[in-house]
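Reading through the structure tokens given below for one structure.
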Amino acid sequence: LVIVTRGADGVIAWHRTAGRVEVAAPAVKVVDTIGAGDTFQGSLLVALKDAGRIARPALEAISRDELIAALAFGTRCAAITCSRAGANPPWRADV
């Protein structure tokens, strides 16, 4: 799995079986971008863990829809971080 974050342009990923996946970033009024990348990465890992796709064999078998859902969760979380001052990531209830 290779992922490239592109800020307001969302994220693009390539996976051996799921293929090329692109997810748009939610539109937000950007206040501060500090912490957005860390928030995306952490949120992506949470989404993969919640889906049971965090271990290597499980990640290798991820479906396209599962990958899109995990990437979308990460982009939503990062967008929330960008809408706040400072590195202030969202709580799960905020998403």
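Would you mind computing, in nm to one decimal, how far apart the modelled labels at Asp38 and Leu1 are, each placed 7 Å from Cα along Cα→Cβ?
Result for the modelled spin labels: 2.1 nm.
Which residue, Val28, Val11, Val46, has the most motion in a Gaussian network model of the chain that connects Cα atoms within less than 10 Å?
Highest fluctuation among the options: Val28.
Top mean-square fluctuation among Leu44, Leu67, Leu59, Gaussian network model of the chain, C-alpha springs under 10 Å?
Its mean-square fluctuation being the largest, the pick is Leu59.
Determine the dipole magnitude for the chain: charges of +1 sit on the beta-carbon of Lys and Arg, -1 on that of Asp and Glu, nothing else is charged, the reference point is the Cα centre, and the result goes in debye to the nearest 20.
That gives the chain a dipole magnitude of about 80 debye.
Mind putting together the pair-distance distribution for the chain? All Cα pairs, 10 Å bins, whole percent per bin, short to long.
Calculated over all Cα pairs of the chain, the distribution is 18, 51, 26, 5 percent.
With a 1.4 Å probe and every protein chain left in place, work out the accessible area per residue of the chain in Å², rounded to a whole number.
Dividing the accessible area of the chain by its residue count gives 59 Å².
Given a 1.4 Å probe and every protein chain left where it sits, what share in percent of the accessible area of the stretch 2-83 is carbon and sulfur?
Heavy-atom surface of the stretch 2-83 belonging to carbon and sulfur, 1.4 Å probe: 58 percent.
The values are calculated or read from the model by the stated rules, or taken from the named source; none is laboratory data. As the structure is a prediction and not an experimental result, all values here were calculated from the model. Cβ atoms come from the backbone with ideal geometry, glycine included; neighbour counts cover every protein chain shown. All accessible areas refer to the heavy atoms of the entire protein, side chains included, with ligands and DNA or RNA removed. Shrake-Rupley method; radii C 1.70, N 1.55, O 1.52, S 1.80 Å.
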